[in-house]
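What follows is a single structure, written as structure tokens, with notes after it.
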Amino acid sequence: MRAESSQAARTGAFIAVAVALFCIQLDFFALNLAVPGIADEFDVTASTAQWTLSAYMLSIGCCFIVGGRVGDVFGRRGALLGGTALFAAGSVGCALAPDLWTLVVARIVQGVGAGFVFPVSVSVISNAFGDTTRARALGAAFGIANVGTALGPFVGGGFTEGPGWRWIFWLLAPLSLLALVVAYRYVPDSRDPTAPRQLDLAGGLTVVCALAALTLAVERGSVWGWDHARTLTLLAIAAVAGALFLWRERRARHPLIDLRLFRNTSYVLVTGSGTVTNMAYAVTVFVSTLYLQQVRGLSPLDAGVVFLAPAVLVALSGPLGARLSGRLRPTAVMALAGAIAGTGLFALSSVTAWWLYVPVFAWCGLGLGLGWTFASVATQQVVSPERAGEASGVLLTFLVTLGGVALAGAATAITAMVPERSPEAAYDAILRFSGVVLLAAALVVMAVRHRLVVLGRVPPLGTRAPRGGRVP
């Protein structure tokens, strides 16, 4: 059921969603540089302080699929309001936390809220705007969110060196409250009219168990050891719970995920290429942060200033993707993003002069930002609006979970390489490998699409994409 949306409702929905996504993205990338400050204040090791990141990743990754489906089934407005309220409350809790474990609990609350907000935000925009303006609205909202992504290291480094890490959350609290008030006033409600108001609780339990075990194993594996009993046990639990989830979804009358979604080749291509791009994004932010501080010798604040270079193009990638969506097929845009990012990472691993490093870093930001941002826009072009939350939740689960896997893999690879080569050489090797993977993924997407054209299942690229249409 799509509510009739007035201009005021559309504008209000856009503002609420854009501000909420900005807060989530800023929070996601700002706290990495604050971990040493948190460890010092609470007198714990840096490894223990990492639980502030692990707990957030754990909770947000577990809630995307459930959050997206709750919005589709019970109403997207209520899910958005509830998620934004939880995120705001968690932000205040983080700012006031008297000890580390209170901070970790508050981060879990934040993560649960963000896990509902993100997929529901995409479906709120998809259902509030018509076919002709949907892609542009999504692109602009993600453009604003990408500003938070790119500014995260700058804000985190600046507050950590200045008034303290708690001010990260004092910034987020009023902004998320603003999003909540605007959403309450303006966001229209909508849901999937074909779905009864029932949630597959068994499916939700098994998928949460699978994702929680996998995320925890990935996040703590480098600390515990990849061959440690706890890591292996968690991976085994993830595999068993994942198998049970698939078994349940094939038999449930009203499944949490309609597995026929994965018969949509265009959706699979967009999700796969978006996931690969986001994995490279997470690795690039991580490796570049280490490079700037350990090789270049920059302070956290100075390193954050360098991140402002890609910030502009990351922010522009959202509107750019929306504009391209009216001229190119979604799969073609995803392949283009992979080609831009892949060539950029190759170049970044080779340059050392500041006059060249900064613009190349910005070029990488354009490709990587376009890839993960347009994936969310493109999924809405290849599925019906009624299933928008479900499609977005599945996509985001892949993006975040496998992004964490890529980050853990990069950290492990760097640890293994450093004894035999310099840190700079290790960082460059990781970037080059990421570039190869991105370029290979772009080629695979276009090869599969070409095959589908030959079989007559999709139109050729030369055919202009219909405005607002759902085409591959």
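The values are calculated or read from the model by the stated rules, or taken from the named source; none is laboratory data. Quantities reported herein were computed from a predicted structural model and do not represent experimental measurements. Glycine gets a Cβ as well: all are built from the backbone with ideal geometry, and neighbour counts include every protein chain shown.
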Practice problem: Quickly run through segment 343-388 and pick out the residues that are over 26 Å from S121 (Cα atoms), part of a loop (DSSP other than H, G, I, E, B) and among the small types (G, A, S). | Solution: S349, S350, A353
Quiz item: Which of (1) of a type in the set (D, E); (2) assigned by TED's automatic domain parsing to the domain that holds G371; (3) surrounded by 19 or more Cβ atoms within 10 Å (Cβ to Cβ) does D302 not meet, given it meets every other one?
Solution: (3)
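Of everything in segment 229-266, what is in a helix (DSSP H, G or I), within 24 Å of the chain's Cα centre (by Cα) and either under 16 Å from L211 (Cβ atoms) or at pLDDT 90 or above (or both)? Give them in sequence order.
Across segment 229-266, the qualifying residues are L234, L235, A238, A239, A241, G242, F245, L246.
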Quiz prompt | T231 vs. criteria without any contact (Cβ under 8 Å) to a residue 24 or more places away in the chain, more than 26 Å from V17 (Cα to Cα) and of a type in the set (S, T, Y) | solution = yes
Practice problem: Name the residue, out of V109, V35, that is at pLDDT 85 or above, part of a helix (DSSP H, G or I) and among the aliphatic types (A, V, I, L, M). | Solution: V109
Practice problem: Report yes if some residue within segment 111-123 is surrounded by fewer than 24 Cβ atoms within 10 Å (Cβ to Cβ) and farther than 21 Å from V333 by Cβ; otherwise report no. | Solution: yes
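Just the residues that are touching a residue at least 12 places away in the same chain (Cβ under 8 Å) and assigned to a helix (DSSP H, G or I), please, taken from segment 286-301. Break it down into steps so the answer makes sense when it comes.
Of all residues in segment 286-301, those touching a residue at least 12 places away in the same chain (Cβ under 8 Å) come to 286-292, 294-295, 299-301.
Across segment 286-301, the qualifying residues are F286, V287, S288, T289, L290, Y291, L292, Q294, V295, P300, L301.
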Practice problem: Among the residues of segment 51-108, write down those that are over 22 Å from the mean Cα position of the chain (by Cα), among the aliphatic types (A, V, I, L, M) and closer than 23 Å to G393 by Cα. | Solution: V73
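Per-residue answers, yes or no, for (1) of a type in the set (S, T, N, Q); (2) in a helix (DSSP H, G or I); (3) at pLDDT 80 or above; (4) in contact with a Gly (Cβ under 9 Å, 6 or more places away or on another chain):
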| residue | (1), (2), (3), (4) |
| --- | --- |
| A9 | no, yes, yes, no |
| G12 | no, yes, yes, no |
| I15 | no, yes, yes, no |
| C23 | no, yes, yes, yes |
| D27 | no, yes, yes, yes |
| A30 | no, yes, yes, yes |
| A39 | no, yes, yes, no |
| V44 | no, no, yes, no |
| A55 | no, yes, yes, yes |
Quiz item: Out of curiosity, is G403 at pLDDT 80 or above, under 30 Å from D192 (Cα atoms) and of a type in the set (G, A, S)?
Solution: yes
Quiz item: Do you know which of the residues in segment 160-190 that are of a type in the set (F, W, Y) and under 17 Å from G82 (Cβ atoms) is surrounded by the most Cβ atoms within 10 Å (Cβ to Cβ)?
Solution: Y186
Practice problem: Give the residue that is farthest from G272 (Cα to Cα), with candidates limited to residues of segment 340-360 that are in contact (Cβ under 8 Å) with a residue 60 or more places away in the chain and under 20 Å from the mean Cα position of the chain (by Cα). | Solution: L345
Exercise. Mind listing whichever residues of segment 176-220 are over 18 Å from L246 (Cβ atoms), of a type outside the set (D, E, K, R) and touching a Phe, Trp or Tyr at 6+ places or on another chain (Cβ under 7 Å)?
Key: S176
Quiz item: What do you reckon, is F87 touching a Lys or Arg at 6+ places or on another chain (Cβ under 9 Å) and in the same structural domain as L178 (by TED's automatic domain parsing)?
Solution: no
Quiz item: Which residue, of T132, T160, is hydroxyl-bearing (S, T, Y), in a loop (DSSP other than H, G, I, E, B), touching a Gly at 6+ places or on another chain (Cβ under 8 Å) and at pLDDT below 80?
Solution: T132
